[in-house]
Structure formats: structure tokens, C-alpha cells
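Inspection log for the structure reproduced underneath, given as C-alpha cells.
The values are calculated or read from the model by the stated rules, or taken from the named source; none is laboratory data. Note that this is a predicted model, so its numbers are computed, not measured. Positions of Cβ are generated from backbone atoms using ideal geometry, with glycine treated the same way; all protein chains shown enter the neighbour counts.
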Amino acid sequence: MPHKMSRGSSDIPELRLEVLQKFVTRFTAPPNLILMNIFPSSTSPSSTIRWESQRGGRGLTPFVPPGAPAHVTAPHGVAQHLAESAYWKEKMPFDEEFLNNLRKEGTEAQYLSAQQRLARELSYLRNRSNRRIEWMFAKMLFTGSFNYQVKGGYSATVDYKIPDDHNVTLGSAYNWDDGASKDIIGDIRDGKRKIKEDCGGTVTLAICNSKVLSYLGDDTTIRALLQKNHFGTGDLFSGAKNRLAMINPKVVASILDIDNLVVYDEMYEVRAWLTAAVTGASTTWISVDDTGDFEAKGKLRFWDQSAGTYEDRIIISVDTVGGRIQVAYPPAASYKAAEDYVTMAKYFIPDDKFVMIAPSVEGNPIAEYKQAPFGLGRHFGQYTDKKDKWDPEVTWIRVQDKGIPVLYQRDALYILDVKITTEDSATTTTSSTTTTTTTGAG
């Protein structure tokens, strides 16, 4: 009887491309990722995205005599933007043992175990890809710019040109934590009024993390407004035992007259392997295989794999040209190159930011996510594909995506930096010897 040649993973239903794509599209975005879902999305005909942003609004058509020509008008403060879409991808191997378990005519439990693992790993890849979109929106809304790599390995920057008077840093005497002259309600009132005066938008959304929420809940003026004779039953803390951990954002939003106060504590993690040994009590410049996404002021965690231990240090500088990260002071233990690694877990929303947003102005969304085409098939949005390797037999599954957030109404945001921290003096070195900057003019 002739031997039937194996077709690799092509005879495994779960690993067919159309099934993989259904697996991926079936997964919804994790409910704890919210920024990427605030604004709509659309497709761009090209990977190079052009858009216009503006300041101002609420124009009024002038009177003219009958028969006279109409006045010419145009949006105020128009800026032209040009940016190459960001592209990201990741792959995962599925080895021979895993493929055989999927293929084997065995017990139902064995088969379902492999199928469930495939679903779990694909969900893992998809969630990581979605976090990249979330990261870009976080940078746009809370920083006003971000860096990424484009074709050729060059570093590019998209700058959304948030007006200076909409990106405000409070002085130390006015910081929301312990400033002697702090005025939280006044700062929020000023931001809401600034958006209203500049573009006509109404602030219906504010976003911060729980650290900033604790400043709101601990403010004496806000607490006074929540006394029973001022605000119903005064349920700021929702009956919680831990006052600062369980402040009710809905009650605070009512006091601030903002429809929706979102308290967002989701985090992301980046990892890199050590490429040079770290000597305990000595090394402050840490050499790693990838410095991408590590940031000054972040917390660098050193992991000793063999001992199963770790320790943390604050990052004060990132040198992506040299592939190094500088920490404030050396770790106590020593770590091995190519065996031990470092991670940085960071909140999408910083501990010192409070952002107010008018999501739409004159009925139009102020921002959206632009999906760009990629691949020979001109794919849009998250796309999954696979490739077989013969010896050893392994199937690689890859998830790709390409796009960038765009901001149309620059003065519909108001970014408040509410606390100056001691790490603010940290600097980040130039990320590339050759830099392509993509910004808007005007």
C-alpha cells in the first residue's frame, strides 16, 4: 500500500487559515481595554495617512444683502498632518507534539485540550496586538505624541499638536496631592470652560487612574460637597472599608458635572533579555536585546530565572541606540546574560494625569483609528496567517495589524499634569541616529 504523504498542518481543520481567522475574529477586545473603543475606526487607501486637524468652531454665517456674493469661510487653525502607519506583528510556534494531539483520533479530552490551547494562545496573541492600539490611543490622549518604527528601521514620531494651553502642568504649590494652594474643582472647571470657549465642545468624559481618583476623594472641598446636607446620602465611598481604594467615580463625576468619569488601571508589560552580565551593587547601565517601549520613570524588574527571585529599580534613562537602560542605582544581586531578563509593567494612564474630553464637536467625532492596508492581499485590521516548517515540523501562527489614531479637533482635549514627581527629571536619550519626524504644521 503506498504511503500517504503528510501535508503538514494543512490536514488539521483547526489550523486552516479560514478557521484561524474565525478563531481570531470571534474573540472580542478584552473588556478592560477602553481607550481603543472610545472613537470610531475607518480604512485608509494608503499606508501613508494624511489628515487635517483644526482648532476652534461654532462659526456663524454672516448676513448678506440679497444678490450679493456669499462670504468665503474655512475652518480655523487648520493643520496638515502626514504620518506613516505604524505596523506590528508577532508569531508563535506550535510544535510536532501539539500538532499530533490536534490530529490524533484519541479521547475527546485529549482533542479538546489541544483545541482549547490553540484558542487560548490565539487569544493571547490577539490581546497583545490590541494592547498596541490601546497604547497608541493612551499616548495620543495623555501625552500628545508617540514614537514608533517605520520601514528601514527608522524612528518616526507622530505629534498631534495639542495646544500648549490645553496641555497644562500644575506648579508644585497647586499639585493635587499635597499642594498648599491646590484647587481641584477650579482646575477642572477651567479645563471644561477652555474646551467650551475654544471649540464649542462639551466635556462629557474624563479619564484618570485610581491614584488620581484618590486625590479627588481626599480633597476637602469635594468632601465638603458630599456631606448629607449638600449631596443626598453622601455615598462617596460606597460603604467601603478602604476609603481611597473604593471611592465611587459616579458620585465624583456628579460633583464635577461630568457625565462619565472613567477610572482606568489597566497595565501592559514589556520584556527584554539581558545581553551583558549585571554585577550586583555595581551595574547601572543594563544592556538588553530590545529597548523598545521601556520608558524613563518606569519600574525595571530584574528576574533571576534559576532562583525565581526579582528586584525593582526606577529607570532614569533609555538609550535605544546602544541598547541600554539606565537605572537610578544598581540592583543588589547579580544577573546572567542570555539567561535572566528584565520587565517593565506600566499603567496605560500615568499616575499624574487627568484628561477631559469632548468626544464630538458639532456632531463629528474628534478622533478615529485609521486602519492601513498591509500584505499582498491588502488586509485591513488584525489578520492571522500561518507557515509550516518541515524539519523539525512546526507551524508558525502570526498576527499582524497596521494603523494609527488620528486627531481631528486638537482643542477638544484638556490634559492636566496634576503632580510633579521626583522622577520627572529623568531623560531619555535619542532613539535613533536617523529620525523621521511626522508632525502637523500650524
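A count restricted to segment 145-163 and to residues that are small (Gly, Ala, Ser) and either in the same structural domain as Asp293 (by TED's automatic domain parsing) or at pLDDT 90 or above (or both) stands at 1.
If the condition is being of a type outside the set (Lys, Arg) and touching a helix residue (DSSP H, G or I) at 6+ places or on another chain (Cβ under 9 Å), then segment 114-128 contributes Ala114, Gln115, Leu118, Ala119, Leu122, Ser123, Leu125. Just wondering, is there one or more residues in segment 196-206 that are in a loop (DSSP other than H, G, I, E, B), touching a Phe, Trp or Tyr at 6+ places or on another chain (Cβ under 9 Å) and of a type in the set (A, V, I, L, M, F, W, C)? Yes - at least one qualifying residue is present in segment 196-206.
The strands (runs of 3 or more DSSP E) falling completely within segment 303-400 include none with 3 or more residues that are under 30 Å from Glu52 (Cα atoms) and among the small types (Gly, Ala, Ser). If you go through segment 380-397 one residue at a time, do you hit one that is aromatic (Phe, Trp, Tyr), in the same structural domain as Arg126 (by TED's automatic domain parsing) and surrounded by fewer than 17 Cβ atoms within 10 Å (Cβ to Cβ)? Yes, segment 380-397 contains at least one residue that is aromatic (Phe, Trp, Tyr), in the same structural domain as Arg126 (by TED's automatic domain parsing) and surrounded by fewer than 17 Cβ atoms within 10 Å (Cβ to Cβ).
In the condition set (1) in a helix (DSSP H, G or I); (2) at pLDDT below 90, Phe231 is compliant with all but (1). Here are the criteria: (1) surrounded by 15 or more Cβ atoms within 10 Å (Cβ to Cβ); (2) in contact (Cβ under 8 Å) with a residue 60 or more places away in the chain. Tell me which single one Lys182 does not satisfy. So the condition that Lys182 fails would be (2).
Residues in segment 34-78 that are at pLDDT 80 or above and surrounded by 10 or more Cβ atoms within 10 Å (Cβ to Cβ): 20 in all.
The one condition from (1) at pLDDT 95 or above; (2) within 29 Å of Lys353 (Cβ to Cβ); (3) surrounded by 15 or more Cβ atoms within 10 Å (Cβ to Cβ) that Asn260 does not meet is (3). Selection of first residues in segment 90-105 that are outside the structural domain of Arg398 (by TED's automatic domain parsing) and of second residues that are at pLDDT below 80 and among the hydrophobic types (A, V, I, L, M, F, W, C), restricted to Cβ pairs under 7 Å at least 6 apart or on distinct chains, gives an empty result.
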